[in-house]
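Structure first, then comments.
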Amino acid sequence: MRCTNCGSLAIDFADSQAVCSACGVVLEESQIVSDITFAENTAGGAVVQGSYLGADQVRARTSGPGFRGSSAGESRECTIANARWNINRMATARGVPAHVAERALRFFQLALDGGATTASGAQPKNFVLGRKSDYTVASCLYVACRMAKTTHMLIDFADVIQVNVFVLGRSYLRLLRVLNLQMPLIDPSFYISRFAALLEFGDETQRVVTDATRLVTRFKMDWMVEGRRPAGICGACLLLAARMNHFRRSVTEIVQVVKIADVTLRKRLEEFKSTPSGQLTIEDFRSVWLEEEHNPPAFSRARIPKKDVRSVDSGAPAQPEEPLRSDIDQLADQATEQEINSYLQQEDVQALDHDLAKQERQRVERAKLKHAAETPAAPAETPRSNEELTDLDEAELDSFILTDEEVKIKERVWMEFNKDYLEAALARQLKLEADQKAGIAPAPRSRKRQKPRDGSTAPTNSAAESAKQMMQQKRWSRRINYDVLNSLFPSNKDKDSGGVAAPDTAHSALPAEEEDEDEEEDDNDDDDDEEGHTTKRARSTNDWMRLSGLASHADDEEDHLDDAAAYADDNNDAW
């Protein structure tokens, strides 16, 4: 070893120090020897003494790699492995390069260590502990993208982890404070190419990008970029550049691509409109570059006069005051009034006023004559005047007529709006012509014919006849005796007598003995107060079931006739 001070080779290695014997300069001190040593175990084999300590490890691993199913490694290693997997997943989803993802992993390891040491010398706390790992991983990946100046935004990573961008923004700002990082300002021109590709300008994409980048530079000169989000600046510049190159892109399309609010976009456009560059034409803006800078928008907003806020405690009613107007506005109003008065004094205007007054008088006279007439008559047509109207000024009428250029623009707009319909109609026409040339006849359209109404049924005089006709046309069930329906509705003779319709001839001949028995049962039912009504109601229900044919059979015809007679007697007693 040679002395770095005097170049002497007399070096004294004593007490773990390297001291030059000639000049006394301490070359080395506190030497640590990390040589590999070997020892012999009980079986006579060689064993390496010591252990390996990695750069990201806190302590040496004393045990083996672990058995199957056990956790190999400490918790820190597992956390870093999970973070590496999440970073690679997000980077793949958003197209982040591999070296940027590796840098994001380094930032995550710094956050895992707690960031920079505090001023008091105390070890900082772990930033990852107590927070969701997705928030920390996304923040680290966005920090790496900002350092590498890629075209990724914070909202892109917020979409991947499905979280609000403002929640992720809070985690990102805290990470910057912990790691003590100073992030560079974002240049909005980085995102111009990305958003222009999504708007589909075709071959004119590069020209639109060039104009939008020039607009961004102009925004910087006019102090419109500082303190604003780059998405709003990019949206306004792309909208203006698209209109400059004759592309019709609406505010809604720009908002969906740039992911900002339409109010923000309109504010940026209003701010650019108030600048001198906003008053230039398209050709002048592309060829002329203004060297002077415009004041920031905050200056112009501060100069707007605010309303005088009076104290409520004073109790004095607020009197409406006239707004303050500058001398220039007053002079402009006076000049306008003088010009109007001088124009009204012209002979053409006075003649036109005279004609209007004459027409008004004629209209009033016609109205009076029409009102005085006894019968209203159709107004006679006013004869057309044969006077020459060459002296009238038709400039206002000519303004309503479109020029050739305006007609082309309107036609282009109409074609763009109805593009899908026109393409579909053209495709149908071409297909029809091709089928006609090939001899293929178009298939006739089959129309559903309505069935004629049934006119065979004659009008009926009662509900019973209508029910019978309906039952004849539509038989609903085979288990119902439809012949019994004749006894449900009273006939015309029974209506006159006030009685109930009798059953058919086969059912009308009832034995006298059964009628007497039924009358005795009815008398017994009338003597009972509450039980009689209940018995009659229950019996009437059962008889109704039998009478409707729900419980009828062919082998108990006699019982059916008895029940029908009893039901008729019960109804006579109840009515």
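Listing for the model above:
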{"quantity": "Residues with amide H under 5 Å from that of Leu27, placed H, sequence gap 5 or more", "calculated": "Ala18, Val19, Cys20"}
{"quantity": "Cβ-based net charge around Gly232, under 13 Å, with every Lys or Arg adding one and every Asp or Glu removing one", "calculated": "+2"}
{"quantity": "Label-point separation in nm, Arg131 to Ala14, each point 7 Å along Cα→Cβ", "calculated": "5.5"}
{"quantity": "Förster-model FRET efficiency, 60 Å R0, Gln359 and Ala427, C-beta, rounded to 0.05", "calculated": "0.60"}
{"quantity": "Cross-link pairs Lys149/Lys267; Lys220/Lys259; Lys259/Lys419; Lys132/Lys259; Lys448/Lys468; Lys267/Lys419 - those with Cα-Cα distance over 30 Å", "calculated": "Lys448/Lys468; Lys267/Lys419"}
{"quantity": "In order through the stretch 228-233: 3J(HN,Hα) via Karplus (6.51 cos²θ - 1.76 cosθ + 1.60), integer Hz, x for Gly, Pro", "calculated": "10, 6, x, 5, x, 5"}
{"quantity": "Per-pair calculated FRET efficiency, R0 = 45 Å: Asp159 and Ser300 via Cβ, rounded to 0.05", "calculated": "0.80"}
{"quantity": "Protection proxy ranking, peptides 155-166, 431-442, average beta carbon neighbours within 10 Å, highest first", "calculated": "155-166, 431-442"}
{"quantity": "Mean Cβ neighbour count within 10 Å, used as a protection proxy, ranking 217-223, 91-97 highest first", "calculated": "217-223, 91-97"}
{"quantity": "Quotient of C-alpha Rg and 2.2 N^0.38 Å, computed over the stretch 188-301", "calculated": "0.99"}
{"quantity": "Val47 paired with Trp85, simple spin-label distance in nm, labels 7 Å along Cα-to-beta-carbon", "calculated": "3.5"}
{"quantity": "Neighbour-count ranking [beta-carbon atoms within 10 angstrom, fewest first] of Glu28, Glu405", "calculated": "Glu405, Glu28"}
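Taken together, the values in this text are just the output of simple stated rules run on the coordinates, not laboratory data. Note that the coordinates shown come from a computational prediction; the quantities given were computed from them, not determined experimentally. Methodologically, a virtual Cβ is constructed for each residue, glycine included, from the backbone with ideal geometry; neighbour enumeration extends over all protein chains shown.
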